[in-house]
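This report refers to the structure that appears directly beneath it.
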Amino acid sequence: ADRLGCDPQTRFHVPPNTKLWIALLQRGNCTFKEKILRAASHNATAVVIYDNVTKDEAVTMTHQ
């Protein structure tokens, strides 16, 4: 699986018979918007983007 969610061919592993699911994607290689739109196109209920560098901070993103 593409943990970054940037590749147009990204496949999300969603358990069978699941209607609500959250995409967990690593930060990097493309914009937050691209990641969110890619997950949304696969019917993700929400998206969590994590940083692979140890930091104790959170970034709040708004979606238009």
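I'd like the full set of residues that are at pLDDT 90 or above, of a type in the set (Ser, Thr, Tyr) and more than 20 Å from His13 (Cα to Cα), limited to region 26-64.
Result: Thr31, single match.
Name the residues in region 11-31 that are exposed (fewer than 15 other Cβ atoms within 10 Å of the Cβ) and outside any loop (DSSP other than H, G, I, E, B), would you?
Ile22
How many of the residues in region 44-64 are touching a residue at least 12 places away in the same chain (Cβ under 8 Å) and more than 9 Å from the chain's Cα centre (by Cα)? Write out each step before concluding.
If we filter region 44-64 for residues that are touching a residue at least 12 places away in the same chain (Cβ under 8 Å), which is where we start, we get 44-52, 61, 63.
Checking which are more than 9 Å from the chain's Cα centre (by Cα) leaves us with 45, 51-52, 61, 63.
Qualifying residue count for the region: 5.
Which numbered condition in (1) hydrophobic (A, V, I, L, M, F, W, C); (2) in contact with a Gly (Cβ under 9 Å, 6 or more places away or on another chain); (3) in a loop (DSSP other than H, G, I, E, B) is the only one that Ile49 fails?
(3)
For region 29-47, which residues satisfy the criterion of being touching a strand residue (DSSP E or B) at 6+ places or on another chain (Cβ under 7 Å) and not β-branched (Val, Ile, Thr)?
Phe32, Lys35, Ala39, Ala44, Ala46
The values are calculated or read from the model by the stated rules, or taken from the named source; none is laboratory data. The model shown is predicted, which means the values in this text are computed figures rather than measured ones. Please note: Cβ atoms are built from the backbone with ideal geometry, for glycine as well, and neighbour counts cover all protein chains shown.
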